[in-house]
Structure formats: C-alpha cells, structure tokens
Amino acid sequence: METRFDAAVIGGGVVGCAIARELTKYKLKTGLFEKECDVAVGTSGRNSGVSHAGFYVPAGTFKAKLNIVGHELMPSLCKELGVPYIAVGKIVTAKEEDEREYLYKLKETGEKNGCKKLRIIDQKEIKRLEPNINGIEALHSPTTAILDPFLLTISLAENALRNGACIHLNTEVKRIEQSSDGFTLETNNGKYAAGILINSAGLYADKIAAMAGITGYEIHPCRGEYHLLDKNKRNLINGAVYPVPPKELGGLGIHLTPTTDGNIMLGPSAEYIPEPDDTANTSEVMDKLFKESYEFLPKITRKDIIKSFSGIRPKLITPGSKSPADFIIEESRKIPGFINLIGIESPGLTGAPAIAKKVAEMISKIRGGLVENPSFDPTEKPKIRFAELSNREKSELIKKDPDYGIVVCRCQSVTKKEVIDALNNPLCARSIYSVSKRCRATLGRCQGGFCLPKIIENLEEQHHPQTSDINYAGKGSELFTGKKEGIE
Amino acid sequence: MPNKKYVCIICPNSCEIDVEYSGKNITKISGQTCKKGEEYTRKEFTSPERGLTTSVPVHGGTIPLVSVKTSKTIPKELIKDAMAEISAARMNAPVKIGDPAIKNILGTGVDIVATKNVPKK
Amino acid sequence: MIRKTVDVAVVGGGPAGLSAALSAKKNGAANVLIIERGENLGGILNQCIHEGFGLESFGVALSGPEYMQRFIDDVEKHRIPYMLDSMVLEVSADKKIIVSSKEGLFEITSKSIILCMGCRERTRGQILTPGTRPAGVYTAGAAQNFINLKGYRIGEKAVILGSGDIGLIMARRLTLEGSKVLAVAEILPYSSGLPRNMAQCLDDYGIPLYLSHTVTEIHGKKRVEAVTLAQVDERFKPIAGTEKKIECDTLLLSVGLVPENELTRKAGILIDEQTAGAVVDEDLQTSIPGIFACGNVLHVHDVVDYVSLEAERAGRSAAEYAQGKEKKPQTIKTTPGEGIRYVLPHQLSADSDVKLSMRVMAPARNVKLILSDGDRVIKTLMKTRVNPAEMIQVTLKKNELAGCKKIIVMLQNAK
C-alpha cells in the first residue's frame, strides 16, 4: 500500500510550504511534493523579497484581500519562524510632472484596500528619507518590509516537517488519477494517495491541473532579471525605492530593494518568455537594468554588481492584456477535493500566510471541519548569524562550540558551525544551493571562489557523498566529473 | 637564412629570441638577455625539454595529495607518458620535499620528487 | 574576549605576510604575530604547484609550495608565532584587531599592523556574463584548488575566458589531467598573461587563443552545455555575426584579480581606486600611521618574488614604527602620466633611494619610460617591450629626488 495523505500539496514554493505548515495545525496527515532539490528553488526565491503593503492591487480583488491580510500576518509569522523581517519602508517616486497623478491613485487604491500610514511626501521629505534619490513627489509606505524569501520558505517547510508533515524533495508528480476516496499520485519516487490535492505548482500549475483533467488554465511565464550589488553599497538607500510603474502590465518597474542580508537588488525587468524554467540573463536586459537603476541612483557603478539572476512570474495574462488577473484559489467544480492555486504571482510572497489560511478553510469545508493538532509548535529557532552578533556574543558562542570560531565564507563571515548546521538541515537537502540559502555562504562578493572548496570539505566530513552526488542544485548539476584515483 | 622565433620560458622576462639556422645548426641567436636564455633556446631548437609538475595521492597524510615535479627537465614528447606513469604512483606520509615518488621515470634518469611536506595524520 | 598585545601584527600568512613578518623580526621587532585564515601558512601558493617561483629571490625555479616552505622554515627558525584558521574580522584605526578562531575571539592590540590579505578573483557576476547559471562555471583559482588540493576533475571539455596567468596555467593543468581545453578567449587584443606562460601552457599543447573575443552567453540549465564566443570591437562590444557556439561542460574564468581590501576600507584607510589598494608612502605606510600594506592587497603583482621583496620593506617600516623611530616627511607625490596605469608608492621622501612599481596601460614596443618632476626629466629608460601583464620597477636614487615636488611617470614613443 502506498502512503496516504489526508492532504497533499504539489509545489514547494512559499505558498505550498505555507499551506503544508498551516495544515499541520490540524490533525491532518499532510504531504508536500517538490520536484527540485529543495524548497524555494523557483519563483519564491527569485523575487524582490518584499512584504507589500497592498496599494498596487486593484480594490475588491482576491489579491487585495490576501495581500492586506498576508502583510498583517507576516511580521508575527517571521518572528515565530526566526526569519529576518525588517520594515524598511518604501517610497514610490515620481520623477516627472505627469507621474504625480499616479501616486495619488496608488494612495487611493491602497486606502480602499486598507493599507495603513500611506502618505504623499514632497521633494524635501524624499531627501530626508533617501538622500541619494531624486524625485519631485513620492508615496511613502512605512510598513512595507523586506524579508528573506528563501529562509521564509525553508522555515515554513522545516516547521511543517517538525509538526508532522512529510516533505518529499526531488519528487516530481508525473500522473494524477482520481480514486474512490481521492487521488493517486505517480511520482518518480513511487506512488502516493491523497484525500485532498492542492495544486500549488506555480509556473507548472496549469500542467498539474491538466494532469487531473482540468483544462483551460494557461500560465504565461514572465521573466524578471535582477542585479545584486556588493554589500559595501548598502547604505546608498534606506528603504525600498520604486518608480512609478510602466504602463505595460509587466511588473512594478525596475526598483531598488535592500535585502535582509545587506545587499541592494536592482530589478526586475518584465519579459514574456516561452519556457517556464528559462532563468537566463540577457545582455540587453542586464544593460537596461543597470542604466535605469543608475538614473535612480547615480552613485552605483557596474563594478558594484556581484551577481545577476532572474525569476519568472506565473502570469495568467498575456502581453496585450489591459487589466491584471486575479489569483485563482478554488476547489475544482469538476473534480471535488482538488484545490487549484493558479496565477499566484506578486503579491504571492506577501499573501502566502493568508492564502494558507484560506486553503485550510476550504479543506475544513470539504471535510466538514478540522480537529486541532494540540502538539503543534509554531516556532523555529532563528538561524544563528555569527556576522551579525556583538563581540561578546561571538565570544560566548565560540566557547560553546569552537566551530563558531572558524570562518568558512570570508565575504559573509559565515562560520564552520553555521555551514555544518545548514548541511544537516532537517529536509536533508544536500546541494550547495541548499547550504548557501540557509547560511548565506557563497553569496558574497567572491561568489564562493574561496569557500566552495571548504563547504565541500565539510559536506564530505558530514555525509561522505560519492563524487557524483556533489551537486550545485540537484541531479544534473554535478560539480565534478570524477576524482583522481587513489585518494583517501 | 631561415629563422625561428622563441619565447624564453626560463624567467618572467619572457625574452623573444631569434634563431637563424641552416639545416640542424644554429648560425645566430639574438634577443636573449642572459646565458640561461641562450642555453634554453639551443636546447629548444634541437630537443625541447620541459619540467613537469602534478600531484600524487598520499596515504595517511594530513592532506590527500602531495605536489610533485620532475627533478630535472624531461623531453617534451615524454610528458604524456610521464603523466600516465605518475597517475599510478602513491606516497606514504610523512613526505618531505625532495622525497622521490618515482625514480628514473621512463628511463630518463630523472626522478619525480615531492614539492610539499606532508606530515602524518 | 582574549586580549593580547604585540609589536607587529601581520594580517595574512601568505607570501607577503611571511616575508613581512620575517623582515619585521629581523629589523628588531621583538613581538611579531602572524594571523592566517587558512589552515596552513603559505596562502594561495599551496595550490600553485607549477614551477617558476623564486628566480629573483633564490636564483632557482621552484614550485609554489617549495617557495613557501623556505619562508615557513625561516618563520619557524625565528620562532615567530602564528595563528591558523584565524580570521581577522576587524582592524581599527587605533590598531586593535578582532580575530575569530576556535580558541576564541581575540582582541589584539598592536603597535603596528601590516596588511597582507592578498587578492581574490573576479567572478562571472562582476564581468556580467549573460546566460544561464549552471554548475561548471569556476574561477581559475577555485578550479586550481579542486584539482591540485582535492584531486577532483572539474570537467571534461573546458573553455577558458581570460588569459591571465592562472587561466593559462590551468589550461595546461587541465590538459595534463586528461580534460580537453577547447579555447582560451581574451577580450583584450593582447594576452593578459606573461608571454612565457602563453608559450609553455598554450602553444605546447596546441590550445587556441582567441584575442578580442569574449563569452557572450552561457548555455545549460543544470550543468554548462555550451558557451557562445564572439569577437569584440575596440570598445569591447560583441560584433554581431561573429558568434560561435562551443559545446563544453566547463567554463573557467581568469578575468582578473581584486585586492581584498574590505578590512582596509572599514578601518577608514584611503584607497587608490586605480590599484584598488591602499594609498601608501615609500615606507608602505597607509593613510593611518602605523598601518602598512604590501603584496597583492596593495596592488596585484605578476611575480611572487616581488611580493616578498615589497613585504620586506613593509616589515622593516613596521618594525621601525613599533620601535618609535622617527619618520621622514613624505612630500613628493607620484603620478601616473601618459600610458601608465599606476605608480607606487604614492608619496616619497627624498631621504633614501626608492623603488617605484608601475604598470603600463597597453603593450608597446620601443618606448621611452620617462620620469620627470613636471619640468625636469629625472630619468629616461629605453624599453624594447612593455606589457600590462608585467610590473615595471625603477629605482630612483636619493640624489635624483633632491628638490623634487612630484614625480610624473610617462611612456613615450622612442622614435
């Protein structure tokens, strides 16, 4: 007999992981399937990492409601899970006269949606908040926050696991069949049964729906490229700095966002692409991103860029569309017990905690109520960040465990203990990607040039992998093609 | 007179050396700035030689590999065969700089020697 | 926190650090301490197993580890203490150093400090190479570590971007270990490595070098599957129509080195944006009295012997400072003129002979290197060949400096 789940989530993005974790608050046997080597490998980790206040989304939509509720839930959720969350605030800046009007519209929408503390500020106030930014007028949202989207997703998954959910990584759902009491899933790692299925497959949500026989959804991948700046430029801005968005419905416009790790991100662009996994960077967009950001912030140079990357939005609208699409979160009418989450693009990260609650309500309705899990523990220990501690705290830590004294990643001051903890993560994700997203090693200005050999040394010590099992982000991304014979 | 150009590899100066020759004999050498450069060029003209550096697994050491080199240059055309022979060599810790990993490689009279100290684990 | 007081603290135990520490000791500093982040002394030379080091210092061609061992033996002989696996987290202007190690967190107060942190490699991110982000893209130095210290095969078919010396050395190394190096691409119209490395690493193995070429795209979702090479114009922009896609599983980057001056910047030391190293005077003292810099953290060198020699000077200066020796005012400013990228040191006294280090902007033949004080030519040197890959050193005598306010170095066509 295959393992049977009361509810199974397909997709280990922030939404899928938030749902899995939410369901562990109840007596429900919960499973999660992710085809990649770890959670947060797709769109969830490739975005601006912002908890949006909720003034972009049209009033009265599902998006607006979930955004506002999600943004309200986010600080306490991050606190419970030990995820960095900083309310740095944000300004949307008008540079031209004809852009002013847009700020007032945004404010009006925001207030209709229930955003708090929005205000229009003048040039002088812009300078006070952001001395390096030019603008004639701006919308200031002090509650807008930055968070670490990787850690949020990872901690949600790890917390779900701690509370009894089964998280299956490297497990791709290949077939879905209806059975007398739910569904049978065929994966590359065997068969599973589930009473309720939650399709949270992001860019692949249309394909997963089609597997169950639900047609009519079509996801249009829309790529956004980013540049990441060296930490020594972090002090150029205080909070997030956004332009008035372009007329086309691609995104919010190229903006400057600080990360909780102390970098600045420039981006994203918006470009519809045929493949949902084509996260390449292109020379045209890389150039455009820099030029547009430079107009905002003339104190940056190309030399400050340490990395470029891209993420892909799962859009329900096509390039020509005149209005944005709302999130689709519904139980299939055709197939009861099959819950679709389609087109969860921005503000999906912000909305995730609210979406999770919404899905739990839907499941409660389907099952005629849910029984609370009395042993649910909502907390995760915050990951220790040696670099951010005071000398006294550092000193105490090294006394407790000398591995805290050995700095492995020089650029980010990540210690051996932090690397070992990341290597021994409860999800058993063993790729370099998984280590770096948990402890931040390799993500600094040398991009792993110095610490990658050290991380692999630690990986060998901890888990004794075969050479062919050492990979960057799952099967196919092997770092080495062999090892010299005769090495101990 | 036919001529050939060489870049001397003896030191970072990388002198460009011109050789005029007839048949197998050098008639004129110019461009070198030291005696070693001239020696190198004469050798390079008749039978080029190279030093070879690589590494050999070491058993029971604090590190898994010990770097090695040819104790003297060997004919350039033997480099590939030398690498093949070295790939079978193993050393045991402790290793001291100069310890041989292979003696008289390929009958050249040249040894493969350690270039690193490797203490016992 | 564990507190310690020393006379001279040396940050870094690589070629510069060991030479500086030895020199400080030999010049009378009683209490010298080397702080090294790696698990061995020797720094990057531990993985530079090729030969070619030591010709200047010892008159023989040594491999990197052999060269370093001579210094390590000397450090042991002079009983200079060193900390391993010890990372300097902070250097402050009042010469306190915070060090993290498994023994604990140290606060080391030093009379003088010598910065010898070396340099790091530029990465794919910094040169803005478009394309996907698969496994199989390595900096040449990281690849060197994996191959020479761990015995890993990093790939079977490689393209190397950049013709810096490490890239050339790795082209040969990969070939010897049985991988195929399909091409070396260099964006400049000339190689950025030493000509002897072109000869013995590429020509010997028939590896093609494409000058004025760069990688315009990396292909492959999980592991590198191919790269696109294209020719570039004189402004380094790819020329449409010249692209060729090369199937490979590895891209090695040898696209330049950057001095690791994060500690230096945080200490508030003045940086020369051209060298990306500290502004120094002829004692190799930085803008903070008592803090000195030498080796690749000051400016990227071509040959390690010159690092060791420069570090000797810094060691001596640091020892003198620690002993309270009075310092000569350094009022003569040096400036790179036409054709010169940088000149070091930035300030001179006219009190002793001084060795200037410099690099040219572009390769040239039959040129005059002219040192003047703006009005008067102090020295002219004929050069049959100059190359940005090679550091040029010129010694100015005390008497040649007399009465100068500044020194301008420039390059002129000899004809």
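Coordinate-derived values only; no laboratory data. Here the structure is a predicted model, which is why all the values come from computation and not from measurement. Using ideal geometry, Cβ is built from the backbone for each residue, glycine included, and neighbour counts are taken over all protein chains shown.
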Taking each residue in C:84-96, count the Cβ atoms of any other chain within 10 Å of its Cβ, then average. What number comes out? 2
What is the average number of partner chain Cβ atoms found within 10 Å of a Cβ in C:262-273? 1
Largest-first semi-axes in Å of the equivalent ellipsoid built from the Cα gyration tensor of the protein assembly as shown are 54, 33, 29
With a 10 Å radius around each residue's Cβ, average the other Cβ atoms per peptide and rank A:416-422, A:39-45, B:42-48, A:469-475, highest first. A:39-45, A:416-422, A:469-475, B:42-48
Place a +1 charge on the Cβ of each Lys and Arg in the stretch A:145-239 and a -1 charge on the Cβ of each Asp and Glu, then give the dipole magnitude about the Cα centre in debye, rounded to the nearest 20. 300
Residues A:Leu147, C:Leu381, C:Leu209, sorted so that the one with the fewest Cβ neighbours within 10 Å comes first: C:Leu381, C:Leu209, A:Leu147
Estimate the FRET efficiency between B:Glu77 and C:Tyr190 by the formula 1/(1 + (r/R0)^6), using the beta-carbon distance for r and 22 Å for R0, to the nearest 0.05. 0.15
Please give every one of the lysines within straight-line cross-link reach of C:Lys77, meaning a C-alpha to C-alpha distance under 21 Å, and leave out same-chain neighbours fewer than 8 residues apart. B:Lys96, B:Lys116, C:Lys25, C:Lys26
Give the angle, between 0 and 90 degrees and rounded to the nearest 10, that separates the Cα long axis of helix C:64-77 from the longest principal axis of the Cα atoms of chain C. 20
Within straight cross-link reach of C:Lys415, meaning Cα distance under 19 Å, which lysines are found once same-chain residues fewer than 8 apart are removed? C:Lys368, C:Lys379, C:Lys383
Over 29 Å between Cα atoms: which of A:Lys25/A:Lys79; C:Lys96/C:Lys327; A:Lys79/A:Lys400; A:Lys127/C:Lys96 fall into that group? A:Lys127/C:Lys96
Identify, among A:Cys17, A:Thr93, A:Tyr192, the residue whose Cα sits farthest towards the positive end of the charge dipole of chain A, taking +1 on the Cβ of Lys and Arg and -1 on the Cβ of Asp and Glu, with the dipole about the Cα centre. A:Thr93
For chain A: relative contact order, % (alpha-carbon pairs under 8 angstrom, 6 or more apart): 20
Under 13 Å Cα-Cα from B:Lys76, which aspartates and glutamates qualify once same-chain neighbours fewer than 8 residues away are excluded? B:Glu44, B:Glu49, C:Asp203, C:Asp204
At most 15 other Cβ atoms within 10 Å and a DSSP loop assignment: could you name the trypsin sites (Lys or Arg not before Pro) in the stretch A:168-255 that fit? A:Lys247
With only Lys, Arg, Asp and Glu charged, each at its Cβ (+1 for the first two, -1 for the last two), find how big the charge dipole of the stretch C:1-98 is about the Cα centre; round to the nearest 20 debye. 440
Separation of the B:Thr33 and C:Asn40 label points, Cα + 7 Å toward Cβ, nm: 3.3
Which of the residue pairs A:Lys288/C:Lys237; A:Lys65/A:Lys381; B:Lys80/B:Lys103 have a Cα-Cα distance greater than 20 Å in the structure shown? A:Lys65/A:Lys381
Gain in length, A:Tyr272 to A:Thr215, computed as 0.36 nm per residue apart minus the alpha-carbon separation, to one decimal in nm? 18.4 nm
For chain B, the longest principal axis of the Cα atoms and the Cα long axis of helix B:35-46 enclose an angle in degrees, to the nearest 10, of 90
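Hey, what did the stretch C:221-274 get for relative contact order, percent, Cα under 8 Å, at least 6 apart?
It comes to 31 percent, rounded to a whole number.
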How large is Rg/Rh for chain C, to two decimals, with Cα atoms and a Kirkwood Rh? 0.98
Provide the percentage of antiparallel DSSP beta bridges, counting only those with both residues in the protein assembly as shown; round to the nearest 5. 70
State, to one decimal in nm², a quarter of the convex hull surface area for the C-alpha atoms of chain B, i.e. the direction-averaged projected area. 8.5
Take C:Met391, C:Met382, C:Met170, C:Met1 and order them by how many other Cβ atoms sit within 10 Å, fewest up front. C:Met382, C:Met1, C:Met391, C:Met170
Please pull out the direction-averaged projected area of the stretch A:386-469, using the convex hull of its alpha-carbon atoms, in nm² to one decimal place. 5.5
Scattering curve values for the stretch B:3-46, log₁₀ I(q)/I(0), Debye with Cα scatterers, q = 0.15, 0.19 Å⁻¹: -0.29, -0.47
Exactly which chymotrypsin sites (Phe, Trp or Tyr not before Pro) in the stretch C:247-338 are in a DSSP loop and have at most 14 other Cβ atoms within 10 Å? none
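With +1 on each Lys and Arg Cβ and -1 on each Asp and Glu Cβ, how big is the dipole of chain C about its Cα centre, in debye rounded to the nearest 20?
440
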Using 16 Å as the cut-off for backbone N distance, which residues of the stretch A:25-50 belong to the label zone defined by a point 7 Å from the Cα of A:Glu372 along Cα→Cβ? A:25-28
Tell me the label-point distance for the pair C:Leu128, C:Glu326, using the 7 Å Cα-to-Cβ offset, in nm and rounded to one decimal. 5.3
Per q in 0.21, 0.22 Å⁻¹, report the Debye log10 I(q)/I(0) for the stretch C:164-253, using one uniform scatterer on each alpha carbon and no solvent. -1.05, -1.13
Zone of A:Lys124's modelled label, taken as backbone nitrogen in the stretch A:84-118 under 19 Å from a point 7 Å along Cα→Cβ: A:94
Quick calc, C:Ala240 & B:Lys24: beta-carbon distance into FRET formula, R0 51 Å, rounding 0.05, result 0.55
Cα-based Rg of the stretch C:333-413 per 2.2 N^0.38 Å, rounded to two decimals? 1.01
Chain lengthening between A:Asp401 and A:Arg162 when straightened (0.36 nm per residue, less Cα-Cα): 83.6 nm
At a Förster radius of 30 Å, what calculated FRET efficiency corresponds to the Cβ-Cβ distance of A:Tyr294 and A:Tyr102, to the nearest 0.05? 0.85
Overall dimensions of the stretch C:1-97 by Cα: Rg and Dmax, Å: 14.1, 45
Most exposed to least, judged by fewest other Cβ atoms within 10 Å, A:Val407, A:Val15 sort to A:Val407, A:Val15
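Pairs to check: A:Lys334/A:Lys357; B:Lys69/C:Lys180; A:Lys394/C:Lys222; A:Lys90/A:Lys307; A:Lys475/C:Lys180. Give those whose C-alpha atoms are more than 26 Å from each other in this structure. Provide the component values of the computation, followed by the final result.
Working: A:Lys334/A:Lys357 23 Å; B:Lys69/C:Lys180 22 Å; A:Lys394/C:Lys222 38 Å; A:Lys90/A:Lys307 24 Å; A:Lys475/C:Lys180 24 Å.
From A:Lys334/A:Lys357; B:Lys69/C:Lys180; A:Lys394/C:Lys222; A:Lys90/A:Lys307; A:Lys475/C:Lys180, over 26 Å: A:Lys394/C:Lys222.
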Over the whole of A:272-282, what's the average partner chain Cβ count within 10 Å per residue? Rounded to a whole number, please. 3
Descending principal axes extents, the stretch B:53-114, alpha-carbon based, whole Å: 34, 18, 15
Pop a pseudo-label 7 angstrom from the Cα along the beta-carbon direction at both C:Arg265 and C:Lys4 and give the gap in nm to one decimal. 2.8
